[in-house]
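Below is one structure, written out as structure tokens; comments come after it.
Throughout, read-outs are computed from the coordinates displayed, never taken from laboratory work. Not measured: the values here are computed from a predicted model. FYI the Cβ positions are ideal-geometry reconstructions off the backbone, even for glycines, and counts take in every protein chain you see.
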Amino acid sequence: MIAVAASSSTGLPPAWALLCYILAITLFARGIKLLTSPRTAVLGNRVAGLGMLLAIGVTLGLLHVGWAYIVPAAAIGAVIGATWALRVPMTAMPQMVAMFNGMGGGAAALVALGDFHRLTAGGATLGLIDSGTILLSCLIGSISFAGSMIAFAKLQEIMTGTPITWPLQHEINGVWLLGLLVIGSIIMATGGGGVLMIVFFAGALILGVMAVLPVGGADMPVIISLLNAFTGVAAAVTGFVIGNYSLVVAGALVGASGSILTLLMSRAMNRPISNVLFGAFGKVAEGVGGGAAAVAHAVRPTTAEDLAVLLSYAQQVIFVPGYGLAVARAQHEVKELADQLKARGVRVLYAIHPVAGRMPGHMNVLLAEADVPYDELKEMDSVNPEFPRTDVAVVIGANDVVNPAALNDPKSPIWGMPILRADQAKTVVVLKRSMRPGFAGIENELFYHDNTLMLFGDAKDSVTKLIAEVKQQAAA
Amino acid sequence: MSTNDLVLIGFFIFVVSGLLGLELITKVPSLLHTPLMSGTNFIHGIVVIGAITIAATVNDTLAGVVAVIAVFLGTLNVVGGWVVTDRMLSMFKGGGRQAARPAAVEPAGTTPAPEGKS
């Protein structure tokens, strides 16, 4: 068995191990399938987890050398990963997915580097297939790692969420990639070159950074999904590097399903994937400015007191949650406010835009955490007809998903995106921290409509005040 | 079999698995997009097997250190990815059944779940 390990890229593992790997792969495929339906999703993740335990167990069983280093490293990784994943607030989930995705990409790149070093030890030269697969998994893994870290930093607001652009950006990135390919060809032609390999690795990392910097925060979910597919492909190529087909299958599964998911997401946002990558969404808008017409009007600020009266005497209220709700962690307060209103006989609904928040399904998860009944969460198509007969639409930290520019302004970058028709409600109340444009950096004319009131402040504070005021109304 | 044959077989497997991956994802409700991304994110953590294989076969300190870091990163991906997905999905538990139940009337002024720390 150790012989297998020693010539890892030229032999097949023993039959028992292959059979276990096949079982593991079956569990992965079944798991992904189960993950696509709400009823079976929890089971799907567990089925895939079982497959992973099996695959890792078999690998450790095959290679019973080096456990002294492998087991502690894995144990530390497992403890940190689990603790982190358990403690992270649900609002920070999107960047958590980016972080873990980056770790996988980094692992793929390091495996390639380690294998390169192992195979070239003592001045040996590499065959074309070995060097080609090593370079490819190093390239994709590094881009995925560096890109995911930038995505993490943008979502965590360590750095600005607006697109960072510079002149000739795409040309420079293109030339950069070309340079990497040249370096790669030299490595393949000479079958070695430790220094060149380090340069290639560093260059690939920088390319990952440069590729994600111009992507705006609003497009991050799509980018994370794309990088997820990337890491899948990196894992598959790693399978070629170490000669293990289970990685090829699992990686290809993730690469393909991740690509489809990326397309589904960008379709939900009505943004072609090429726009997401090269459009520098939001940057364009600053120049074009859907806000030109809006400047003529002023916004109408309101107070928690006035708003409480408005809400207390409404027939129907629709909450439109967005990322601001997630940031302020106001979901429990919103639920409490809704309960207060329901006690007064107000009908309360929640309108969930497919891409509200920074991930599709982000709002569903948050509101489910606050025990909001499932049947009050309405998807866009079923809730839009409700707005014209709604007294108050309360927009909490949402912006682009209610921006009428998507319907009226062909020049707007979000032109054509389906929106929640909050503007059709009798009164629209927008809870917002400031007049700062949304994550996409686009002005929102809804804020200037005659039936729109603005309640400035942190969403959690505002809602807490509203709860108190509504209680007073009830007492009065 | 030569290395070439093994790589060709590998390529064949790659393409067929990719086609299977395309077929697996058809209609996904948007509320499951994030968990699905997170779940597949966990699955590509299988790259840890590559890290383990390299860590077990190097006989050189530098490559050993690189491989051990790779094992660490890979397990972070696997364990963290799995736990985050499980947490996300547990929020939806019973969601379907809850919808079928007649809407429970909440008593007025219920305090929110004792979690949300600032």
Amide H partners (placed H, <5 Å) of A:Val395, local residues excluded: A:Val320, A:Val429, A:Val430, A:Leu431
Quick one: order A:Asp115, A:Asp375 by neighbouring beta-carbon count within 10 Å, fewest to most. A:Asp375, A:Asp115
Derived scalar couplings ³J(HN,Hα) [the range B:78-88; Karplus, 6.51 cos²θ - 1.76 cosθ + 1.60; whole Hz; x for Gly, Pro]: 5, 6, x, x, 5, 5, 4, 4, 4, 4, 4
Would the range A:112-264 count as rounded, prolate or oblate if I go by the C-alpha gyration tensor, calling it rounded below 1.5 in a/c and otherwise prolate when a/b exceeds b/c, oblate otherwise? oblate
Evaluate 2.2 N^0.38 Å with N set to the residue count of the range A:351-411, then give the Cα radius of gyration divided by it. 1.20
What net charge do the residues around A:Thr390 carry, taking every other residue with its C-beta under 10 Å from that of A:Thr390, with Lys and Arg at +1 and Asp and Glu at -1? +2
Pseudo-spin-label distance A:Trp176 to A:Thr303, built 7 Å along Cα→Cβ, given in nm, is 5.3 nm
Alpha carbon convex hull of the range B:21-74, volume per residue in cubic angstrom: 73 Å³
Sorting A:Tyr350, A:Tyr69 on the 10 Å Cβ count, fewest up front, what's the list? A:Tyr69, A:Tyr350
Please find the FRET efficiency linking B:Thr61 to A:Ala15, where r is the Cβ-Cβ separation and R0 is fixed at 45 Å, and quote it to the nearest 0.05. 0.80
Residues in the range A:217-251 that a label on B:Leu19 would reach, taking backbone N under 19 Å of a point 7 Å out along Cα→Cβ: A:246, A:248-251
Counting other C-beta atoms within 10 Å, which of A:Phe240, B:Phe42 has the fewest, and how do the rest follow? A:Phe240, B:Phe42
Mind checking A:372-378 for the average number of partner chain beta-carbons within 10 Å of each residue's beta-carbon? 4
Taking r as the C-beta separation of A:Thr83 and A:Ile158 and R0 as 25 Å, the FRET efficiency to the nearest 0.05 is 0.75
Students often check this: by mean Cβ neighbours within 10 Å, which of A:173-186, A:388-401, A:84-97 ranks highest, and how do the rest follow? A:388-401, A:84-97, A:173-186
Spin-label model distance (nm) - A:Thr125 vs B:Asp5, 7 Å beyond Cα toward Cβ: 2.6 nm
Dimensionless Rg over Rh [the protein assembly as shown; C-alpha; Kirkwood]: 1.03
To the nearest 0.05, what FRET efficiency results for B:Thr26 and A:Asn451 with a Förster distance of 41 Å applied to their C-beta separation? 0.50
Separation in nanometres of the label points that stand 7 Å from Cα toward Cβ, at A:Leu168 and A:Leu196: 2.6 nm
Excluding residues on the same chain fewer than 8 positions from A:Lys426, give the aspartates and glutamates whose Cα lies under 13 Å from its Cα. A:Glu386, A:Asp391, A:Asp450
Before rounding to the nearest 500, sum -39500 (n - 2.57) across all DSSP H runs of length at least 4 in chain A and divide by the residue total; then give [θ] at 222 nm in deg cm²/dmol. -19500 deg cm²/dmol
Near the amide H of A:Thr452, under 5 Å away, which other amide H atoms are found, from residues 5 or more places off or on another chain, if H is placed in the peptide plane? A:Val428
Compute and list, largest first, the equivalent-ellipsoid semi-axes of the range A:1-87 from the alpha carbon gyration tensor, each √(5λ) rounded to a whole angstrom. 27, 20, 8
Average partner chain C-beta neighbours within 10 Å, per residue of B:7-14? 6
Need one value for A:225-234: mean number of C-beta atoms belonging to other chains within 10 Å of its residues' C-beta atoms. 4
Kindly write out, for the range A:327-343 in residue order, the coupling ³J(HN,Hα) from the Karplus curve 6.51 cos²θ - 1.76 cosθ + 1.60 (θ = phi - 60°), rounded to whole Hz, with x marking Gly and Pro. 4, 7, 6, 9, 4, 5, 5, 4, 4, 5, 4, 4, 5, 4, 5, 4, 4
Over 24 Å (Cα to Cα) among A:Lys33/A:Lys154; A:Lys335/A:Lys465; A:Lys342/A:Lys378; A:Lys378/A:Lys411; A:Lys154/A:Lys465 -> A:Lys33/A:Lys154; A:Lys378/A:Lys411; A:Lys154/A:Lys465
Semi-axes (Å, rounded, descending) of the ellipsoid equivalent to the range A:181-273 per its C-alpha gyration tensor are 29, 20, 9
For a test of the definition: using alpha carbon positions, the gyration tensor, and the 1.5 limit on a/c, classify the range A:63-118 as rounded, prolate or oblate. oblate
